[in-house]
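The values are calculated or read from the model by the stated rules, or taken from the named source; none is laboratory data. Treat the numbers as computed from the prediction; the structure is a model and nothing was measured. Note that we place each Cβ from the backbone using ideal geometry, even for glycine, and neighbour counts take in every protein chain shown.
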Amino acid sequence: MLSGIQKLQLAKQLKQLRSQIKSNSIKGIEKLNLAKEIKAIRAKITGTVKKFTSRLEELVEGKYDNLTPLKFIALVREISEEENDFESVKNPVINYVKKNIAA
């Protein structure tokens with residue numbers, strides 16, 4: 001559990017990252033990395049644990065195979081960006097296509 005001072009320090013860091021991400025000089029990958037840092041700091045402040053690994057495991061298990069194609073694609077993209085690993089989502093996508101799209 002974080003103390004009040006630690007939370008204030010994280011909040012200050014969060015404010016700096018937000019101002020950086022809003023600047024026009026930062027583009028693409030740098031902006032994405034800043035967004036990931038912001039998410040991590042928010043998780044520290046609120047005391048939540050990242051659940052992206054479990055979402056990847058659920059994807060592999062086929063839990064999301066009932067989603068519409070657009071929602072499934074958005075979810076896969078989100079998970080692969082967070083994991084920084086496109087290879088880990090290939091097989092679940094292939095399985096989804098076999099089950100829902102291929103006739």
Do we have residue 38 as surrounded by fewer than 10 Cβ atoms within 10 Å (Cβ to Cβ) and touching a residue at least 12 places away in the same chain (Cβ under 8 Å) here? no
Flag if residue 57 is at pLDDT below 85, on the phi < 0 side of the Ramachandran plot and surrounded by 15 or more Cβ atoms within 10 Å (Cβ to Cβ): no
Collect the residues in region 60-85 that are modelled with pLDDT of 80 or more and not in a helix (DSSP H, G or I), keeping them in residue-number order. 62, 63, 64, 65, 66, 67, 68
